[in-house]
Amino acid sequence: MVNISTVEARNEFSTLVNRVAFGKERVVLTRRGKELLAMIPLEDLKLLERLLKRLEDLEDLEDARLALAEAEHEGTISLGQLKHELNL
């Protein structure tokens, strides 16, 4: 991964796009030495999105397991009881 200033990126935009799109480089754009954003190949973005979805699914699964364990430990009430308690 290389760091390039926004000024340099603006001056060499088409070359930079080709490096990322076809050369599969990952580029971090900086301004005044601070990292601002990354340019990555579309394939990398799609992979990151799939990985994020899987992580979210794993978190949801863990939450469901914890909820089931809590229900087994503390018990449950019927919908009718819940409506009664909520005065519905």
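Quick note: the coordinates plus some simple rules give every number you see, no bench work behind them. Predicted model, so just to flag it, every value in this text is computed and none were measured. Every residue, glycine among them, receives a Cβ derived from its backbone with ideal geometry; neighbour counts consider all protein chains shown.
Selection of region 14-43 for residues being over 14 Å from residue 1 (Cα atoms) and assigned to a loop (DSSP other than H, G, I, E, B) yields 22, 32, 33. With respect to the conditions (1) touching a strand residue (DSSP E or B) at 6+ places or on another chain (Cβ under 7 Å); (2) surrounded by 11 or more Cβ atoms within 10 Å (Cβ to Cβ), residue 18 falls short on a single one, namely (1).
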